[in-house]
Ligand SMILES: [Zn+2]
């Protein structure tokens with residue numbers, strides 16, 4: 001019988017560390033995994049010697065505690081283990097494992113980068129009842145970094161607006177996207193980004209859905225809207241190209257792991 005890969009997030013655990021805990025160690029932005037073809041999440045025993053004394057509890061996946069930590073990029077790995085960035089692991093880990101790894105990466109990164117109080121410099125302490133590190137001197141609290149970004153499918157009749165960034169794989173185009181400014185609503189960010197990147201005006205953005213995106217710490221807020229006015233003029237400082245595509249003549253689309261692809265699949 002297949003055991004469903006149910007994940008329950010948790011701030012802390014009541015039991016002691018177990019040999020079969022899943023331990024997700026990040027060297028820079030890469031997860032330490034087996035270098036074998038059948039990638040899976042390592043256990044505490046398998047990575048013994050590399051696991052720091054203090055780890056961040058992520059939750060429980062299919063009955064097993066998940067812990068995470070950042071380790072030094074220069075750490076020598078035992079043979080059979082290698083660092084792998086998360087994005088290419090999609091499809092090689094199960095969807096549940098991949099999602100947990102994305103969550104773990106953001107928590108390990110937050111923990112690594114908030115060891116000292118940003119106000120007074122005192123070493124911070126992790127809280128048990130809240131996902132935060134607190135300063136014992138001035139009570140300042142640091143929470144995991146989380147950046148809202150909008151991503152939008154803009155259509156005009158039977159055409160969709162797609163852009164190409166210079167860091168995309170060859171021939172790939174995607175929906176436009178951008179970070180929400182401080183003080184700005186998500187809908188206003190959609191209109192601003194489309195105006196900046198493509199030079200056109202759109203109808204009122206409609207909510208589509210969201211996705212946590214751990215590259216590096218975004219919450220992607222998906223919207224759809226229709227073209228309202230203007231000719232497309234690509235902002236070449238941000239993108240290589242922006243243009244309308246019909247269903248019959250589409251470029252290479254983003255991978256199925258992304259909300260960009262969900263937005264496009266929904267239209268196709
Ligand atoms: Zn402080």
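Being within 16 Å of the ligand (Cβ to nearest atom), surrounded by 12 or more Cβ atoms within 10 Å (Cβ to Cβ) and either free of Cβ contacts under 8 Å to residues at least 24 places away in the same chain or in the same structural domain as residue 32 (by TED's automatic domain parsing) (or both) is true for just one of 122, 139. Which residue is that?
One residue alone meets the criteria, 122.
When residues of the range 33-45 are filtered for being assigned to a strand (DSSP E or B) and either modelled with pLDDT of 95 or more or more than 16 Å from residue 102 (Cα to Cα) (or both), how many remain?
2
Just give me the residues in the range 125-136 being touching a helix residue (DSSP H, G or I) at 6+ places or on another chain (Cβ under 9 Å) and either touching a residue at least 40 places away in the same chain (Cβ under 8 Å) or within 9 Å of the ligand (Cβ to nearest atom) (or both), in sequence order.
Once the filter is applied, which keeps residues that are touching a helix residue (DSSP H, G or I) at 6+ places or on another chain (Cβ under 9 Å) and either touching a residue at least 40 places away in the same chain (Cβ under 8 Å) or within 9 Å of the ligand (Cβ to nearest atom) (or both), the range 125-136 yields 126, 131.
Scanning for something without any contact (Cβ under 8 Å) to a residue 12 or more places away in the chain, surrounded by fewer than 16 Cβ atoms within 10 Å (Cβ to Cβ) and either assigned to a strand (DSSP E or B) or out of contact with any helix residue (DSSP H, G or I) (no Cβ under 6 Å at 6 or more places or on another chain) (or both), does the range 228-241 turn up at least one residue?
So far as the range 228-241 goes, yes, one or more of its residues are without any contact (Cβ under 8 Å) to a residue 12 or more places away in the chain, surrounded by fewer than 16 Cβ atoms within 10 Å (Cβ to Cβ) and either assigned to a strand (DSSP E or B) or out of contact with any helix residue (DSSP H, G or I) (no Cβ under 6 Å at 6 or more places or on another chain) (or both).
Considering 96, 101, 48, 53, which residue is away from the ligand (no atom under 16 Å from the Cβ), surrounded by fewer than 19 Cβ atoms within 10 Å (Cβ to Cβ) and in a helix (DSSP H, G or I)? Spell out the reasoning first.
Details: 101 fails: surrounded by fewer than 19 Cβ atoms within 10 Å (Cβ to Cβ); 48 fails: in a helix (DSSP H, G or I); 53 fails: in a helix (DSSP H, G or I).
Step by step, each of 96, 101, 48, 53 is checked, and only 96 is away from the ligand (no atom under 16 Å from the Cβ), surrounded by fewer than 19 Cβ atoms within 10 Å (Cβ to Cβ) and in a helix (DSSP H, G or I).
If residue 106 satisfies every condition in (1) under 26 Å from residue 181 (Cα atoms); (2) in contact with a strand residue (DSSP E or B) (Cβ under 6 Å, 6 or more places away or on another chain); (3) in a helix (DSSP H, G or I) but one, which is the exception?
The number of the failed condition is (2).
The values are calculated or read from the model by the stated rules, or taken from the named source; none is laboratory data. Treat the numbers as computed from the prediction; the structure is a model and nothing was measured. When we count neighbours, we look across all protein chains shown, and the Cβ atoms used for this are built from the backbone with ideal geometry, even at glycine.
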